[in-house]
Structure formats: C-alpha cells, structure tokens
Amino acid sequence: MASFPAILRSEWTKIRSVRSTVWTLALTFVVTVGIGALLSLLTNNNFTEFRRNEQSPFDATGTAFAGIMLGELAIIVFGVLAIGNEYSSGMIRVTLAAVPQRATLLGGKAAVLGTLALVVSLVTAFVTFFVGQSLLGSHSTTLGEPHVLRAVFGAALYLTMLCLFSAGVTTMLHNQTLALGVLVPFFFLLSPILSAVPKVKTLAHYFPDYAGSRMLLVYEQHGQPYGPWPGFLICLAWTAAALAGGALVLKQRDA
C-alpha cells in the first residue's frame, strides 16, 4: 500500500517528465498575457473610439484578461493530457498495480494537478494584470481599487478549477482524445450557442465557463443573473462533480 506522500511524488515526476504537459502550461501563460497585452495596447490607443457609445464603466481589469479564453483552452488541454497520457500509453495499469487504492490515487493526482495549476494560474493572472495595466496608461486601475484584487484571484481560481474539471472528465472517459472531443465543443461551441438562444440561455448561465466569467467581474451590471461569489460556487460544484464522477468510474471500471 503506497503512502500518500509517495503518490504525490510519483504524480509530480510523471507530470514534469512529459513535455506536452509542460508546454501546455507555458502556453496558458503566454497566450493569456500576450493577448491581454495586445488588447490593452489597442484599447489605450483607440480609447475614445472604443468607448464612444458605451454607458457602463470601463473595466480595465477585464480588458487585461481579454486573452483568458485561449488560456482556458490551454489549461483544459493540460488537464486532459496530465490524466490521459497514462491511459493512451497503458501505464495506468502499472500505476493501479502499484496503488490499488483508486480513490486515493485520484486524490493524489488532483492534489498535484491542482497545486501546479494554481501556481501557474496565479503567476499568469498577476502578470497579465500588471502588463495590461501598464499598457492601458491613464485608463488603468490598481489592485487597491474595489473588487480588482478579487477579480484577479478569481481568474486564477477559475483556470485551476477548469484544469481539475478536465482531469475529472478524462478520468471518467478513460481516453484523452474523447475527452478533448467532449470538452472543447462544450466550452467553445455548445455554451456560446446556447447563450445566444433566448429559450435556453438561462441554462447556459449555469455552465462552468459562464460562471467562471462572473468571477472576473469588477463591476456588476443590472440584469446579470448572479455575481462573482455564486459564480465561484457553481464552478466549484462542476469541478467537484467531475472529480467525484472520475473517482466512481475509476473504482468500478478496469483501466
């Protein structure tokens, strides 16, 4: 029976030894910071034109995080690959032989993935914010302004929960290609389409991507279904459900 610290060390070794997982984490940082910087620069240079017909307050934090959608894609791929590589290579059988306590094994995987994703997401969120504000010039904001620090932490927590959600789904499906085939359309096709259909858009408001976008809000506008803290709880519920489903399938199904 492997100890939990031994499981953590093993999972950490697996993740850092697979190049694709390292690259996807790096890509999460690069695209989130890069696109946010580009949009912040364009906004500063064309501020009057961009804001000509806008009545709502300018959200400098949201502008800096304009690239987070592609960051979402990168960290989803990271969560899928971190779990799915073992299934595609067949190494999961060796892992389960060494650690027959399957729920404990998944807990160790989630702990390592979650910690690594959180660290990278925090660095990404704060660098994105500061780079974006430096390029917004006189239109920038600071962490000391109301709700700004909460929004920056919200971005980091959202990316972390997306990673763990993706890991849970991949554990349920036992296949990284199938997991990507489900997750990418769900986040980037199904959810946006349903959000645009009046009769079902209320349902889409409770999908994890919409709930996650609430976590980045600095200004809550009239007519929005809920604010940042309900968004956090909804994302957390999706993540917990995915990991619980993954644990259940892992315990009941052969590798």
Practice task
Identify which of Leu162, Leu116, Leu194 has the largest mean-square fluctuation in a Gaussian network model of the chain, with springs joining Cα atoms closer than 10 Å.
Solution key: Leu194
Practice task
Write down the Å³ per residue value for the convex hull defined by the alpha carbon atoms of the chain.
Solution key: 126
Fill in the blank from the handout: Rounded to the nearest 10, the angle in degrees between the Cα long axis of helix 176-185 and the longest principal axis of the Cα atoms of the chain comes to 20
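In segment 24-89, which GluC sites (Glu not before Pro) fall in coil by DSSP and have 13 or fewer other Cβ atoms within 10 Å? Each step should come with its number before you reach the end.
Numbers: sites: Glu49, Glu54, Glu72, Glu86; in loops: Glu54.
In loop regions of segment 24-89 (DSSP not H, G, I, E or B), the sparsely surrounded GluC sites (Glu not before Pro) are Glu54.
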Problem - Cα-based Rg of segment 1-59 normalised by 2.2 N^0.38 Å, two decimals - result: 2.06
Exercise for the section: Using only Cα atoms, tell me the angle between helix 4-17 and the longest principal axis of the chain; keep it within 0 to 90° and round to the nearest 10. Expected result: 70
Problem - On Cα atoms only, tilt of 228-252 relative to the major axis of the chain in degrees - result: 20
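Can you compute the charge dipole magnitude of segment 4-252 about its Cα centre, using +1 on each Lys and Arg Cβ and -1 on each Asp and Glu Cβ, nothing else charged? Give it in debye, rounded to the nearest 20.
Details: 14 positive and 9 negative charges, 143 e Å.
Magnitude of the dipole: close to 680 debye.
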Handout entry: Within the chain, longest stretch clear of exposed trypsin sites (Lys or Arg not before Pro) (DSSP loop, no more than 15 other Cβ within 10 Å)
Key = 53-198
Handout entry: Candidates Leu178, Leu25, Leu113, ranked by Gaussian network fluctuation over the chain, Cα under 10 Å, top entry
Key = Leu178
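Where a number appears in this text, it was derived from the coordinates with a stated rule and is not lab data. Please read these numbers as outputs of a predicted model, since none were measured by experiment. Because the Cβ atoms are built from the backbone with ideal geometry, glycine has one as well, and the counts that use them run over all protein chains shown.
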